[in-house]
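No lab work stands behind these numbers, since they all come straight from the coordinates. None of the values given here were measured: they were computed from a predicted structure. Positions of Cβ are generated from backbone atoms using ideal geometry, with glycine treated the same way; all protein chains shown enter the neighbour counts.
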């Protein structure tokens, strides 16, 4: 796999990214979810996209991994539980501009976008505001920001509201437990791989300081509010993927996203939770490669 590369945007945000695949491959950008860095995309998934002819660009969103961790105060647990935003919070539009700024730095025009969870929200925002930069959009277990849909289970909210881990080992144990909770029995996470990723991510993300960044990312979601109206501006061929066992983003979020984006293809995977498990990788690769390779038929709900 590739090494970390860096670019500093005009905004002052430094973005860490990696590129895999041939220089003449079709550019595809992977945008990770809440608190996840660029290494969270499974290696077989990235390798499969490269074999399909893509030049894969992955990035650390602001406030995770090796990208800039901003200096504004993070939302308190109370604000997180009540979904209250503050003037100093950045929003999904700011995170979308980070991605577009990276595309500019790499001299890339139109790209295929694939985002999961928070990354799906960021990808949606890019597609809505920068239609000439997006060849296709794939939004995986994400939502619209409408608080009537896509809400996490109460048990998931309570789990997220706990105090942050204080050691690398505690973070690793919590991550494995969380993946068991938000994953599924049908497509089970690999505990060994998840622990290995968590321990490495703790170091890449600044240890205990990573908790503040995750809180600020949550604040970005709240500050952006209901984006349903904006999503209606998306013209790129769009694939919506969601699992029917998702306890982090209820499947109603995927359905609402599909309703908002005209002509989108909505695919519900039976037994899938809020996690890209090893056994899901071949199916997701097939769906994404087909989606980016054929003309889209409007109004398809698989």
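Okay, here's what the table says:
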quantity	calculated
Cβ crowding within 10 Å averaged over residues, with 23-35, 169-181 ranked highest first	23-35, 169-181
Ascending count of other beta-carbon atoms within 10 Å, so fewest first, for 107, 274	107, 274
Contact order relative to length of region 5-293, as percent, for alpha carbon pairs under 8 angstrom and 6 or more apart	23 percent
Sorted peptide list for 144-154, 37-47, criterion being average Cβ within 10 angstrom, highest first	37-47, 144-154
DSSP-defined beta bridges in the chain - what % are antiparallel, rounded to 5	25 percent
Label-point separation in nm, residue 148 to residue 132, each point 7 Å along Cα→Cβ	3.6 nm
Relative packing of 130-137, 90-97, which averages over residues the other C-beta atoms within 10 Å, highest first	90-97, 130-137
Relative contact order, percent, region 6-145 [alpha-carbon distance under 8 Å, six or more residues apart]	27 percent
Label-point separation in nm, residue 166 to residue 188, each point 7 Å along Cα→Cβ	3.3 nm
